Amino acid sequence: MPPKGFMARGQQLATLAALAHELLTGDAYGAMLHELAGRGDLSETQARNIVLSLKDYGKAKRLSAPFVADLARQSSHCYDRWIAARRANDFKIFEESLQRMVALKQEQASLYGYDAHPYDGLLDEYESGATVAFLDGVFARVREELPPLIAQIGQAKPIDDRCFYQMFPRERQFAFSLELLGWIGYDFDAGRQDYSEHPFTTSFGMSDVRVTTRVDEHNLSAVIWSSIHEGGHALYEQGLPEDQEGLPVGSAASLSIHESQSRLWENNIGRSLAFWQCFYPRLQAAFPEQLGAVSVDDFYRAMNRVTPSLIRTEADELTYHLHVLIRYELEKQLLDGSLSVEALPEAWNDLYEKYLGIRPPDARQGILQDVHWCHGSFGYFPTYSLGSFYASQFYEHALKAFSGLEEDIRHGHFERFLHWLRDKIHRRGRRYDSDTLCHLVTGKGLDISVFLHYAKEKYRALYEL
Ligand code: ZN
């Protein structure tokens, strides 16, 4: 969209949001749902669809059409100011618009209602059932256990990852990423891959699930792990229950479960030695002059280098969760009013110094790096970490559930594993919330110890700690 288009687009989105809201909160629709809920002849799946529809209906009812339109309009405005602020590298340009957005989100939280913390009112949108009390418990473990491990790594002999930072021609990178997607089972008859600055997955239905990837000619890692990551999201969307398409049960369970699918492929599999023992020769064949002399063991070490950095989306598997922790702490304070938007950049920088030992030199590499707050997505960030923690728990369980999984990976055979994911997670759609699904798959609720154990084992071995 051209830069001047944002005002008109904002008006259009506001109109559509208000119209959709009217339909979703209409009395006729509500009466129909209530009548269906009272019937005794529904199948379990039909009943679940009604329960979910009623829940969505009830939530939508709490917001007025003008409020929804306001929010949509403010999102467009905020996005425009964010782009301008990024360009000028000046948070002040964004400040006032973000203030209005925070006020709207506080209002939304009270319209939805909450018991303990305004953040709880908003979390449900992304992660049904999650609360501040639950997240505080999870992030307390992150805060206690990751920094000492990262500090230990900081004292160890650094890993040399220069093999990634050479000139890799754009077209060859893109071609390799298409191969990668094919290997993990992405269905190109039901999707396609394109370029974008910020990789994403978008679904127009399970038979058309598109992904984008990011290519940096001077850093090979961008394309590899963004393609695998988005591929993981896409495999989930392509595997949702076909007979429920368009109905609540036919959608994803939650954002954290969605993220568990991308992270599982990206990290647990895509950053494992077994995976690259199979595919590294293909990568070397694509880039003989750059990687011909680099061994698979060195390549494996390089891809797992841990080092504190400023940009969340470029962070390694361990420091990533400190980036999320920082955003979680700030969001809570913004919503309960204990932190003002004016004081936000300083608070951001202080937390980076506290948890990662580095201070952003400017707004672009600090407070202005994420788009989420422009869209009013407060409560979204924690789902990224939850996704990684679920991923480790699912993967550990899969390793136990069927023998030879690592052998499969070493040989590039993912059919059995994908079938397991489809059976246990994808085909269940939104039938269960994250916690119930996790119980069904692994026999217990989210247990961050599994991720921490995986992280300590993997990185102590890598860094010979
Ligand atoms: Zn993702």
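Please treat every number below as a calculation from the coordinates, not as lab data. Given the structure is predicted, the values throughout are model-derived calculations rather than measurements. Positions of Cβ are generated from backbone atoms using ideal geometry, with glycine treated the same way; all protein chains shown enter the neighbour counts.
Sort 293-300, 367-374 by packing, meaning the average of other beta carbons within 10 Å per residue, with the highest value first.
Final packing ranking: 367-374, 293-300.
Kindly write out, for the range 89-94 in residue order, the coupling ³J(HN,Hα) from the Karplus curve 6.51 cos²θ - 1.76 cosθ + 1.60 (θ = phi - 60°), rounded to whole Hz, with x marking Gly and Pro.
Result, ordered by residue: 6, 9, 4, 3, 5, 8 Hz.
Through the Karplus equation 6.51 cos²θ - 1.76 cosθ + 1.60, θ set to phi - 60°, convert the phi angles of the range 356-361 into ³J(HN,Hα) values in whole Hz; use x for Gly and Pro.
These are the phi-based 3J(HN,Hα) values: 10, x, 9, 10, x, x Hz.
Can you sort 178, 63, 325 so the residue with the fewest Cβ neighbours within 10 Å comes first?
178, 63, 325
Taking other Cβ within 10 Å of each residue's Cβ, how do 214, 359, 263 sort, fewest first?
The order, fewest Cβ neighbours first, is 359, 214, 263.
Can you tell me the FRET efficiency between residue 141 and residue 340 if r is taken as the Cβ-Cβ distance and R0 is 51 Å, rounded to the nearest 0.05?
Details: r = 29 Å, r/R0 = 0.58.
For residue 141 and residue 340, the calculated efficiency is 0.95.
Would you mind checking 59/444; 105/354; 61/105 for any pair whose Cα atoms are more than 18 angstrom apart?
On the way: 59/444 29 Å; 105/354 28 Å; 61/105 16 Å.
Beyond 18 Å between Cα atoms: 59/444; 105/354.
When 319, 383 are ordered from fewest to most other Cβ atoms inside 10 Å of their Cβ, what list results?
319, 383
Work out from phi, with θ = phi - 60° and the Karplus expression 6.51 cos²θ - 1.76 cosθ + 1.60, the ³J(HN,Hα) of each residue of the range 460-465, listed in order in whole Hz, and give x for Gly and Pro.
5, 5, 4, 9, 6, 8
If amide hydrogens are placed 1.01 Å from N in the peptide plane, which non-local residues have theirs closer than 5 Å to the one on residue 213?
HN-HN under 5 Å from residue 213: 194, 195, 196.
Name the long-range amide H neighbours of residue 316: under 5 Å, sequence gap of 5 or more, or other chain; modelled H, no Pro or chain starts.
Residues meeting the amide H criterion: 307.
Quick one: Cα centre-to-centre distance for the range 187-230 and the range 1-75, in angstrom?
29 Å
Per the chain: cysteines with no other Cys C-beta under 4.7 angstrom?
Lacking a cysteine Cβ partner under 4.7 Å: 163, 278, 438.
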